[in-house]
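Quick notes on the structure that follows.
The values are calculated or read from the model by the stated rules, or taken from the named source; none is laboratory data. Nothing here was measured: the structure is a model prediction, and the numbers come from that model. Using ideal geometry, Cβ is built from the backbone for each residue, glycine included, and neighbour counts are taken over all protein chains shown.
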Amino acid sequence: MSKHLNIIAFNIPYPPNYGGIIDVFYKIKALHEAGVKIILHCFEYEDERPHAPELETICEKVYYYKRRTGWIANLTCLPYNVYSRKNPKLMQRLLQNNYPILFEGLHSCYYLCDKRLKERIKICRAANIEHDYYNHLAQAESHLIRKLFFKIEAWRFKRYQPVLSHADRLLAVSTADAAYLQRQFPNQPVHFMPCFHANESITSQPGSSDFILYHGKLSVTENTQAALFLIQHVFCHLKCRCVIAGMNPPRSLLKAASPYPHIHIVANPPEEQMNDLIKNAQIHILITFQATGLKLKLLNSLFAGRHIIVNSLMVNGSGLGELCHTANTAEEMVQACQQLIHTEFEEKQISQRRQILFPTFSNSYQGRLLCEIIQKA
């Protein structure tokens, strides 16, 4: 008998070019390859993400919904990011079948507690501990209005989090998040399911090169904060080429890098160029100032890159710390960079990655596991 699944995505999951949306797209792809027939419901709110015919090749049906944006959508005790994804057409379509529903992130959970779905199998993918995430954004934000919005949104998400008790299963992206959710919801089965990603095999190349890379969606406050820290406290003390690559870097980042000829900002690189940077960098340096979720850039670097330097928060709850070099202060990061820039990356390190990353971080394995979780629910 064919397996069917409704998936509610917080954004259009194509192209898969940033964080959580990469997880959604490759999850859909893995489920499709496992024989699941997917009815995809996705919200659109960014002009640069048009309707994607590519999704129709891996989904039975694809529906698009406009978000309720603007200040009026903020006049609610619900999180803005939840209330703005309220759409009656979505509920109408969910009621047209009796298939399980996968809610992608707390953002997409407006209808999770709706009585009309009481008898349905409901799975929620917790991409972050959202109130922690928004509190960190507030701390990192200097713009007063945005800082206030993040603080209010954090408060609203903390109040809203109990809605997860209406889910039959919870999927966490890290063991740390899984432990937190199990404490908060002792009656709900919680499963650790790392992020789905673009890598089907380890493509890291032995050898060496002459540059260090930091990459991420640079318009995200957390990534801007990390990149600024690296420029001001680490890269400025190095003599080798240092590259910061990603989408929509803010002016503050360009300004901070401008006095240093060896620090290069690569804005909005095409996928092929980004893949080349990841593949050819001698060192990937990945730091974060918040421990929520699992950072996809870490997985991409482990599958395709050479040496990796992280701080402890980057690998918290991931089980991947032994594959990285840990440095928690600027001085430790500078020392690690100076050592590894002259250290060849060897075949034995690739073998170690293969042993630890498979099968747990394999898309096909996690796709089959998700099918089993849904069937047992």
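Details
- Residue match in the range 188-199 (condition: surrounded by fewer than 19 Cβ atoms within 10 Å (Cβ to Cβ), among the hydrophobic types (A, V, I, L, M, F, W, C) and farther than 30 Å from residue 356 by Cβ): no
- Which listed residue is surrounded by fewer than 17 Cβ atoms within 10 Å (Cβ to Cβ), closer than 18 Å to residue 137 by Cα and out of contact with any Ser or Thr (no Cβ under 9 Å at 6 or more places or on another chain), from 258, 219: 219
- Taking first residues from the range 165-187 that are without any contact (Cβ under 8 Å) to a residue 60 or more places away in the chain and part of a helix (DSSP H, G or I) and partners that are charged (D, E, K, R) and surrounded by fewer than 16 Cβ atoms within 10 Å (Cβ to Cβ), the Cβ contacts under 9 Å between residues at least 6 apart in sequence or on separate chains come to 166/114; 166/118.
- Residue within the range 167-187 that is charged (D, E, K, R), in contact with a Cys (Cβ under 7 Å, 6 or more places away or on another chain) and farther than 26 Å from residue 31 by Cβ present: no
- Members of the range 55-77 that are modelled with pLDDT under 95 and out of contact with any strand residue (DSSP E or B) (no Cβ under 6 Å at 6 or more places or on another chain): 66, 68, 69, 70, 71, 72, 73, 74, 75, 76, 77
- Counting only helices (runs of 4 or more DSSP H) that sit wholly inside the range 214-311, those with at least 3 residues that are over 21 Å from residue 337 (Cβ atoms) are 251-257, 271-280, 296-304.
- When 108, 201, 219, 142 are screened for being more than 30 Å from residue 256 (Cα to Cα), polar (S, T, N, Q) and at pLDDT below 95, only 201 passes.
- For residue 204, the requirement of being under 21 Å from residue 307 (Cα atoms) and touching an Asp or Glu at 6+ places or on another chain (Cβ under 8 Å) is not met.
- Selected residue [in contact (Cβ under 8 Å) with a residue 60 or more places away in the chain, crowded, with 22+ Cβ neighbours inside 10 Å and of a type in the set (Phe, Trp, Tyr)] from 26, 18: 26
- The helices (runs of 4 or more DSSP H) falling completely within the range 1-89 that include 1 or more residues that are charged (D, E, K, R) map to 19-33, 53-56.
- Filter pass, residue 156 being touching a Pro at 6+ places or on another chain (Cβ under 6 Å) and outside any loop (DSSP other than H, G, I, E, B): yes
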